[in-house]
Amino acid sequence: MAKLVSSELRELFTRGAVRCAIVSLCGAAGSACGSDEATTAASNPGGSVAVDGLVVQLDDGTIEGDWAGSARRFLKIPFAKPPLGALRWRAPTPNEPWSGVRHEAAFAENCAQLQDQGSPASNNEDCLYLNVWSPEPAPDHAPVMVWIHGGGNFSGGAGIPIPTTEQLWYDGQVFAEKQGVVLVTIQYRLGPFGFFAHPELGDEGQPVGNQGLQDQRLALKWVKKNIAKFGGDPGNVTIFGESAGSADVCYHVASPGSRGLFQRAISQSGGCTIRSVGPELGPAEVGAQMKAYGAAVGCPDGADQLDCLRNATVEDLLANANQPAPGGGEVRQSPWSFAAVIDGPQGFLPDTVRTLFENGDIAHVPYLFGSNNDEGTTFLVRATRLTSEAEYMADLELRFGAAAAEVAAVYPPSKFGGDVNAARERVIGDSGVVCGTHDTARLARAAGLEVYMYNFNVWWSIVPSLLHAGHAAEISHVFGTPWLPQPDPSSVSVAEGMNGYWARFARSGNPNGDGAPAIWPEFKEADERLQLDAEWSALTNFRTEECAFWRKHFGVE
């Protein structure tokens, strides 16, 4: 990516240092020249530690950013040592300080992954970096928002484009410019690198699994330590994410070790209290899977299997991981999976997430949830289209076995104008995303949290006739940057409204306030939520019966 700052601008933002040198020659500056305290006092008369301009001095070293419109953007800031060699699968540790001025004009390469429909392949393990957008001049105690990207916890990255386009997906410029928010995007280890619960890790005194979640927590600790330098309030941090990032937000709400690192939470299209494969497993149950995976990579089970795996190539580790392939609608079985695990009282998850929520043993912070009207379309975009009700029933039997007839009774094609593909899309979307998000929202409300919910209902500009308001369609609207190949004032208006709602929630814990297009009702007994489209309608009992069915199907009621 090209640098966004010219040599003339570089001279402008360094003029303070030049001026200090000139004054020093005249004998008037004294020892104040070059001190952080003097720079801060000059830029921020109120005494804030925030620093204006494109050069920011952190405890670890100096960084230089670029202009993104009228906002400042700082890319590829390290928050952990590269997890290479002996550090592969170990808990992340803070990065080493650096000398000189660190300036990055491009995002960090994605963490290691196979190609996905929304993200390119990567063999990179040196990937634990974050990015910051901040208003200029630097604000004082601005709300901070930390974005956790999606991708099933096996793909994605902080610097990827909207699929099929060249437009940055997670662009913090609008939040910084228009909302006065300090916006952070982070990367974390994925798949077999980020969720590898091998029992030998415990023998090394390391957490067993959940490495990606530990990466996210370390990034949040970095934010708490450093974000004031960019004008952010370390005591007002909102974590938000979509899909797997949404579930990860939920895991942080449940995890005792993450408390105090954030004060609000937003989960877009994903909860963490219902899993189709059952509750989270402990290392003992997962250990056999990880040993079998190691053998498939070429490292036989034994005392030195972990050492052998640390010497394995990224290519071999990825090739044997059975990474899912979303979008094709396949029903896949794997002898191992890489997901969050129960790792004990001193780990990330001391119990199943559902138990923690039901016991109220979670972070008591305002929590905003939601999902998209047509979540299932994105997961079936490359699937073979169904042509008859018989094929629909066969598909349900493949997915749900003996429960297929019960599913069909709740989702008969007649409910969708006889369209069997629309019926299947609704089944996939409700069972996997809509009702899972709804379940976590219900448990959060029961635990006493202030909860808000939405249904996003604006068709994606990417193949709109096929995707409708599918999974991930809301993201660019949240960031205030909808991808619009043709002018669409209505979509732009919705994006502006959503960007404002998210920022107000980050500021106060309530999305309502001046400039809101409509009153957003709190999520209570009538399952109230706001529909995010041009009408801004308040909904009640949205798919309540369908979600009750899925709770029963998954055995949580």
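Each value in this text was obtained by applying a stated rule to the coordinates, not by laboratory testing. If you're wondering where the values come from, they're calculated on a predicted model, not measured in any experiment. All Cβ positions, even for glycine, are placed from backbone atoms using ideal geometry, and neighbour counts span all protein chains on display.
If a/c stays under 1.5 just call it rounded; otherwise compare a/b with b/c (prolate if a/b is bigger, oblate if not). Do that for segment 249-332, with a ≥ b ≥ c from the square roots of the Cα gyration tensor eigenvalues. List each step's numbers first, then the result.
Working: a/c = 2.20, a/b = 1.58, b/c = 1.39.
Prolate.
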- Task: Taking just the C-alpha trace of the chain, give me its Rg and Dmax in Å.
- Result: 24.1, 90
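Neighbouring Cβ atoms within 10 Å as the yardstick, rank Tyr392, Tyr129 fewest first.
Numbers: Tyr392 22, Tyr129 25.
Ascending number of Cβ neighbours within 10 Å: Tyr392, Tyr129.
Past the 31 Å Cα-Cα mark, which pairs from Lys178/Lys415; Lys225/Lys524; Lys415/Lys552; Lys178/Lys229?
Long pairs (Cα-Cα over 31 Å): Lys178/Lys415; Lys225/Lys524.
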- Item | Summed residue charge, Cβ within 11 Å of Leu396's Cβ, Lys/Arg positive, Asp/Glu negative | -3
- Item | Net charge dipole size for the chain [Lys, Arg +1 and Asp, Glu -1 on Cβ; Debye, nearest 20] | 740 debye
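Label segment 366-545 by shape, choosing from rounded, prolate and oblate, from the square roots a ≥ b ≥ c of the eigenvalues of the Cα gyration tensor; if a/c is under 1.5 it is rounded, and otherwise prolate applies when a/b is larger than b/c, oblate when it is not.
Numbers: a/c = 2.58, a/b = 1.45, b/c = 1.78.
Oblate is the answer for segment 366-545, as a/c is 1.5 or above yet b/c matches or exceeds a/b.
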- Task: Within 10 Å of each residue's Cβ, count the other Cβ atoms and sort Asp304, Asp140 from fewest upward.
- Result: Asp304, Asp140
- Arrange Arg217, Arg399 by Cβ neighbour counts within 10 Å, fewest through most, would you? Arg399, Arg217
- Report, to the nearest 10°, how far helix 420-429 tilts away from the longest principal axis of the Cα atoms in the chain, using its own Cα long axis and a range of 0 to 90°. 50 degrees
- Task: Please state, to two decimals, what the Cα-based radius of gyration of segment 35-319 comes to when divided by 2.2 N^0.38 Å (N = residues).
- Result: 1.03
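Let me have the relative contact order for the chain, percent, based on Cα pairs under 8 Å that are six or more residues apart. Show your work: numbers first, answer last.
Numbers: 1170 pairs, mean separation 67.6, N = 557.
Relative contact order for the chain comes out at 12 percent.
Using the Kirkwood radius over Cα pairs, work out the Stokes-Einstein diffusion coefficient for segment 458-512 at 25 °C and 0.890 mPa s, in µm²/s as a whole number. If you can, show how the numbers build up before the last one.
Working: Rh = 11.7 Å.
Approximately 210 µm²/s, per Stokes-Einstein.
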- Applying the gyration tensor rule to the Cα atoms of segment 504-557 (axes a ≥ b ≥ c; rounded if a/c under 1.5, else prolate if a/b exceeds b/c, else oblate), the class is prolate
